[in-house]
Amino acid sequence: MPVRLAIPEVDEVGPFNRLSASQVNAYSSCPRLWFYEKVRRFKMPQIPVLFVGRAVEEAFCRMLQETPALLVANASGETLANIPLDPNGVPSRETGMVWPADRLLALPENMWPEDLDGLRTWAQQRLGIHLPRALNDMKMEWEKDERKAGDWSSVDSGRCLEMCLKGLEMHLAQVERCYGAEGGPNLQQWRAGERPQWPSPDGRSYSLPFQHPLAQEGPVTWVEAWEVARPWFVDPNAGKFAMNAIHPEHWFQGEYDLIYRWDNKINIVDLKASIGAGDRSGNYVEQLRMYAMLWWVTHERKETVDALEIWYLGADVIKQIDVPTIDEMKAMESDLNSLWHQLKATKPSMEECPPEPSPMRGFAPGGIAVQAPKTIRCSRCDWNAVCPGGEGPSELPEGGSVRLPGSSGSFDLTAIGSLEPRMTLIAEVFSVLGGGEGKRPTIKVTQSGHFAQLQLLVDTHQDGQPAWPQDLAKGDRVKLDGVVPSANYKGELQLKVDPHAIVVHAGENENMSTSLLDFRARWNVTGRLVYRFEKKGVGRNGKSWHRKGMMLLDATGSMKVEGWAADWGPQYDLAEIGDTLVAANISLDAWATDIKGQINRNSKIQITERVDRED
């Protein structure tokens, strides 16, 4: 099975605390790099090439999902898009749901490709339909990203199509092999409509009532070979990270690209829209080895992988990776479990993740190992300017007090790690309006004559419980656990309910001293500037909007501070990476584990220390 979902009843780790291959590789590259990105939540610049790979993979998988026996070459790219999903974004197993391919009648058989060239021509045209839309979707996602960098005009759509076509040829080699093997060992089961627990995505439901609608008699046809050889992949219509393979103990997870299994051998393929040159190629090898271990442990340690491959579409090369032995996988699992305890069971401190980068590795196109470059990893790190292992200072600010220009008094500064954006209190429901039929109600609560509006931003708490009682009524006493208080533009108090907050009925004798008046509206913080970001767009009213922000780091934590562009003042534009700034008179916000600061026209941003720089 290429998918193994979490079992909530025994999952004590949770979806946000698992280890992944990318995290392991980041930590192996440099423990401090991992800490900055996974604990301090720094986000690296989002350049177009990071989105191009996703577009190429999506177009390729949408083509694989289709069949020339149902769709003519110029059919809409949306034909198989509307598959039923469960609330978690997984293709739904609920019976009675209508799947798009099950609604379609097969084309006349004289329109089916009769040879490999016919399949190739059809698939090439399908890629030509899917890729432009995938690239456009990724462009829109890139444009919305607060850390976007580079220029989308650098994206060569012709080169992207060329990589898709190279992948097609690699896949057609599997189809041709399947045809030569007379459909392989499972042809008759496929014809009879038998499907595995996780079938390769083809727009059809998990089970078929009769034989497969495209089944033929006698020798295998080219269309049947296309159907039978189809690998498993993440359905491009599924939710993000909804189809992981999760370790039985829930501490590790991964999501495979392609799984070929038509010949009863398991071949895991990693798609790369690149040439495979450079240090990252070493990470790809280690990732596939971890995936081999993951497959083994999620199949009761009885089934091993037969082949591991990296398809470098930019270089037109298939790189074979040695499959680890059972002893190697046992050792790998043990090492990864120890690493999970080190990094995830409890949050490590910055000092426990020293800036000790591993040496750079050298790879030529196609992932061929060559002599390593003489450059050091720190010189290419996004966090070089703030990391003591690079050009950053050895010490970071930690609260205190400061007198700012133009102010008569001093500002007490709170260490970022000491900020508390949440509160827990007991209140009474004043009103419940609306709700039902999938809509969230408008709930107002009161306490000692003071009022607050609940902002219900989610339906479910992180532990799976409803975010609020469905039977909530006026006069009920409720416990508001972990809500995030803020004041709107009218000065009215709001209590935000996100995945880490929940509303429950309060017990008869349950009392708390926390009051709505305990809400602290304004805070002062200081930290070194890690990066700045901007977001622009057009609102529903047709008016343009523009927000700016920055990431600050002190000795205890990090936080994003953002606000409307007009509220920042000149110090924002004067600040450089590594400078120490004070953000005074800001409000707090939070989402899950991330704390954010909000500036307004009464806030003040001031550079208090310039980082030393050589001219």
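About its Cα centre, the stretch 45-238 has a charge dipole of approximately 300 debye under the convention of +1 per Lys or Arg Cβ and -1 per Asp or Glu Cβ, with nothing else charged. The calculated FRET efficiency for the pair ASN602 and ARG120, based on their C-beta separation and a Förster distance of 51 Å, comes to about 0.20.
Extending 7 Å from the Cα toward the beta-carbon at both GLN320 and GLN470 defines two label points whose distance is 5.6 nm.
Distance between the modelled labels on GLU508 and LYS43, one decimal in nanometres: 4.9 nm (7 Å Cα→Cβ projection).
Restricting the GluC sites (Glu not before Pro) of the stretch 256-324 to loop positions (DSSP other than H, G, I, E, B) with no more than 14 neighbouring Cβ atoms within 10 Å leaves GLU300, GLU303.
Going 7 Å from the Cα of ALA192 in the Cα-to-Cβ direction, what parts of the stretch 211-249 have a backbone nitrogen less than 18 Å from that spot? Within reach of a label on ALA192, which here means backbone N under 18 Å from a point 7 Å along Cα→Cβ, the stretch 211-249 contributes 211-220, 228.
You can think of it this way: the chain between GLU78 and GLN211 has 45.3 nm of extra reach, that is 0.36 nm per residue less the Cα-Cα gap. Using a ≥ b ≥ c from the Cα gyration tensor of the stretch 414-571 (square roots of the eigenvalues), is it rounded, prolate or oblate, where a/c under 1.5 gives rounded and otherwise the larger of a/b and b/c decides, a/b for prolate? In terms of gyration-tensor shape, prolate. Pull out a ≥ b ≥ c, the square roots of the eigenvalues of the alpha-carbon gyration tensor of the stretch 569-610, then state rounded if a/c is under 1.5, prolate if not and a/b is larger than b/c, and oblate in the remaining case. Because a/c hits 1.5 or more and a/b fails to exceed b/c, the stretch 569-610 counts as oblate. For the stretch 453-515, the relative contact order is 41 percent, taking Cα pairs closer than 8 Å that sit 6 or more residues apart in sequence and dividing their mean separation by the residue count. Would you please name the GluC sites (Glu not before Pro) within the stretch 1-86 that are DSSP coil residues with at most 13 other C-beta atoms within 10 Å of their C-beta? Answer by residue number: GLU9, GLU12, GLU78.
Between MET140 and LYS265, residue separation times 0.36 nm minus the direct Cα-Cα distance comes to 41.1 nm. Per residue, the average separation of C-alpha pairs within less than 8 Å and at least 6 apart gives the chain a relative contact order of 12 percent.
For the stretch 48-105, the dipole from Cβ point charges (+1 on Lys and Arg, -1 on Asp and Glu) about the Cα centre works out to 60 debye, to the nearest 20. Between GLU182 and GLU300, the modelled labels are 3.2 nm apart [label points 7 Å from Cα along Cα→Cβ]. In this calculation the C-beta distance from ASN541 to LEU105 is compared with R0 = 45 Å, giving a FRET efficiency of 0.45. A prolate overall shape is assigned to the stretch 1-43, the ratio a/c of its alpha-carbon gyration tensor axes (a ≥ b ≥ c) being 1.5 or greater and a/b exceeding b/c. Selection among TRP152, GLY89, LEU119 by position relative to the dipole of the stretch 83-198 gives GLY89 as farthest towards the positive end (Cβ unit charges, Cα centre). If R0 is taken as 30 Å, the Cβ-Cβ distance between ASN585 and HIS341 corresponds to a FRET efficiency of 0.10. Only the Cβ atoms of Lys and Arg (+1) and of Asp and Glu (-1) were treated as charged; on that basis the dipole of the chain about its Cα centre amounts to roughly 1760 debye. Subtracting the Cα-Cα distance of SER28 and ALA521 from their residue separation scaled by 0.36 nm leaves 173.3 nm.
Of the listed pairs LYS439/LYS490; LYS344/LYS560; LYS490/LYS536; LYS38/LYS139; LYS38/LYS596, which have alpha-carbon separations greater than 18 Å here? The pairs that break the limit, which is 18 Å between Cα atoms, are LYS439/LYS490; LYS344/LYS560; LYS490/LYS536; LYS38/LYS139. Residues of the stretch 397-424 falling in the label zone of GLU351, defined by backbone nitrogen less than 18 Å from a point 7 Å along Cα to beta-carbon, are 397-399, 416-418.
Per residue of the chain, the DSSP helices (runs of n ≥ 4 H) give a summed -39500 (n - 2.57) that works out to -7000 deg cm²/dmol at 222 nm. When the trypsin sites (Lys or Arg not before Pro) in the stretch 479-550 are filtered for DSSP coil states and for at most 11 other beta-carbon atoms within 10 Å of their beta-carbon, the remaining sites are LYS490, ARG540, LYS543.
Got a sec? Charge dipole of the chain, +1 on Cβ for Lys and Arg, -1 for Asp and Glu; which of CYS387, GLY77, ILE586 is way out at the positive end? Among CYS387, GLY77, ILE586, the one farthest towards the positive end of the dipole of the chain is ILE586.
Laboratory data are not the source of any read-out in this text; all were calculated from the coordinates shown. Computed from a predicted structure; not experimentally measured. With ideal geometry, Cβ positions are generated from the backbone for all residues, glycine too; neighbour counts draw on all protein chains shown.
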